[in-house]
1. K343 - would you say it is part of a helix (DSSP H, G or I), in contact with a helix residue (DSSP H, G or I) (Cβ under 9 Å, 6 or more places away or on another chain) and open to solvent by 20 Å² or more (accessible area, probe 1.4 Å)?
2. Find the residue count for the stretch 174-220, including only residues that are more than 22 Å from the chain's Cα centre (by Cα) and either among the charged types (D, E, K, R) or in a strand (DSSP E or B) (or both).
3. In the stretch 70-86, what residues are surrounded by fewer than 18 Cβ atoms within 10 Å (Cβ to Cβ), over 24 Å from V338 (Cα atoms) and either touching a residue at least 24 places away in the same chain (Cβ under 8 Å) or among the charged types (D, E, K, R) (or both)?
4. I want to confirm something. Restricting to the stretch 147-162 and keeping residues that are of a type outside the set (K, R) and surrounded by fewer than 20 Cβ atoms within 10 Å (Cβ to Cβ), which single residue is modelled with the lowest pLDDT?
5. So which of V405, V394, V384 ends up being among the β-branched types (V, I, T) and part of a helix (DSSP H, G or I)?
6. Name, by its number, the condition in (1) over 24 Å from D256 (Cα atoms); (2) in contact with a Phe, Trp or Tyr (Cβ under 8 Å, 6 or more places away or on another chain); (3) surrounded by fewer than 20 Cβ atoms within 10 Å (Cβ to Cβ); (4) at pLDDT 95 or above that does not hold for A93.
7. Out of L368, L336, L380, which single residue is modelled with pLDDT of 95 or more, open to solvent by less than 20 Å² (accessible area, probe 1.4 Å), out of contact with any Lys or Arg (no Cβ under 6 Å at 6 or more places or on another chain) and aliphatic (A, V, I, L, M)?
8. Take the stretch 215-242 and flag every residue that is among the hydrophobic types (A, V, I, L, M, F, W, C) and in contact with an Asp or Glu (Cβ under 7 Å, 6 or more places away or on another chain).
Amino acid sequence: MAATGEQAAANGEQQPVEGQQPQDGEQVITPWDVTGGADGKIDYNKLVAQFGCQNIDAALVQRIERLTGRPAHPFLKRGIFFAHRDLKEVLDAYERGEPFYLYTGRGPSSEALHLGHLVPFMFTKWLQDAFKVPLVIQLTDDEKFLWRGLSVEEARRLARENAKDIVACGFDVRRTFIFSDFEYVGGAFYRNIARIQRCTPMNQVRGIFGFSMEDNIGKIAFPAVQAAPAFPDSFPHMFGERKDVRCLIPCAIDQDPYFRMTRDVAPRLGHHKTSLIESRFFPALQGESGKMSASDQNSAIFVSDTPKEIKSKVNKYAFSGGGTSVEEHRAKGANLDVDVSWKWLNFFMEDDAKLAQIGEEYGSGRMLTGEIKAELIAVLTEMVERHKKARAAVTDEILDAFMAVRPMPWDQMYG
């Protein structure tokens, strides 16, 4: 971030140095590319140090439990959401009775969400219910038009299809506004986009995102579009012209670069710095070399998959940390650090005691790979079938209610 590096340092932001390129074998983490290091793994400690965010410790989890009066979500207890920026400031404000809102999003590039896409929405729903706060969900159909080569019409269609999967997660329509960029950008929202763009020089954008002279100008302008929802006056039907409502963003850590830029701009526009709570990546079935991809059908379980497809994908593709033979497995046990079935159960098995028992049994070699895969198949099948039922109940009229620009009374959003 060459042009505003001094400014960022003064604001406490750690920025990547413009022009630095990853060396062979180094991990690459950007909003569009996630690749593990030489061993194929993501070094999250290195990533936290590189990005300049903070780890979520046990004391912070306990504080969230105390403030909400609820047990922490498994994603918090198990370190899946593991890092943050200024989460303590949001909790301080909440204790003082000051409002905040949630912001998350989805880039619609596939017909249905896969389970990795569900992770931030599952956690965001818990945050909304626990803190009783409003939520904005951005569908970046314009981003997928610019990056993926989709037509405008196809990007808009996928945005609505994906929005139905999001609504099926159980969000409260009184507190939730879902919008697509192609439909909503304008008015107060666009005015904030323009303000952000004027505060952000080209070399800063290149330093953060690595844009080249070959990239279309839409890509270069887009980061301001993703930044704008972090400012409450982008939504006058919710917050009027207020600038004092803090924003907390649950997201995967690869989205951090967008919001480093946002946090740099915020004080200059009279806003609080955006806060983030960031997750690890949900690994592909083939192993932890990056994150699951919607473009590779065999790397993912989709919320539209049948029980037969789920069973087949897990049995055929889920990378095993078990021994190469039954004898070796019984003697040495499984390597839980690389086993995908074990990793996925940590995301989706709610029963802590049963999860711990499976880890002990499988890690010691008493449970075989086929048995842990059977446990995972049962969990995923029940979860996907439950989601399908909820999605089937989301009519166009229900979706339109979430996406309507309508007055959202303060007592309903925060009541």
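1. no
2. Looking only at that region, the number is 8.
3. Of everything in the stretch 70-86, just one residue is surrounded by fewer than 18 Cβ atoms within 10 Å (Cβ to Cβ), over 24 Å from V338 (Cα atoms) and either touching a residue at least 24 places away in the same chain (Cβ under 8 Å) or among the charged types (D, E, K, R) (or both), namely R70.
4. It comes out as G149.
5. On the way: V405 fails: part of a helix (DSSP H, G or I); V394 fails: part of a helix (DSSP H, G or I).
Sole residue among the options that is among the β-branched types (V, I, T) and part of a helix (DSSP H, G or I): V384.
6. (1)
7. Criteria check complete, one pass: L380.
8. Going through the stretch 215-242, the residues among the hydrophobic types (A, V, I, L, M, F, W, C) turn out to be 217, 220-222, 224-225, 227-228, 230-231, 235, 238-239.
If the condition is that a residue be among the hydrophobic types (A, V, I, L, M, F, W, C) and in contact with an Asp or Glu (Cβ under 7 Å, 6 or more places away or on another chain), then F222, V225, F239 are the ones that fit.
The values are calculated or read from the model by the stated rules, or taken from the named source; none is laboratory data. Every value quoted in this text rests on a predicted model; they were computed, and no experiment measured them. Note: ideal-geometry Cβ built from the backbone for every residue, glycine included; neighbour counts use all protein chains shown. Remember, those area values only see protein heavy atoms, side chains included, never the ligands or the DNA or RNA. Shrake-Rupley method; radii C 1.70, N 1.55, O 1.52, S 1.80 Å.
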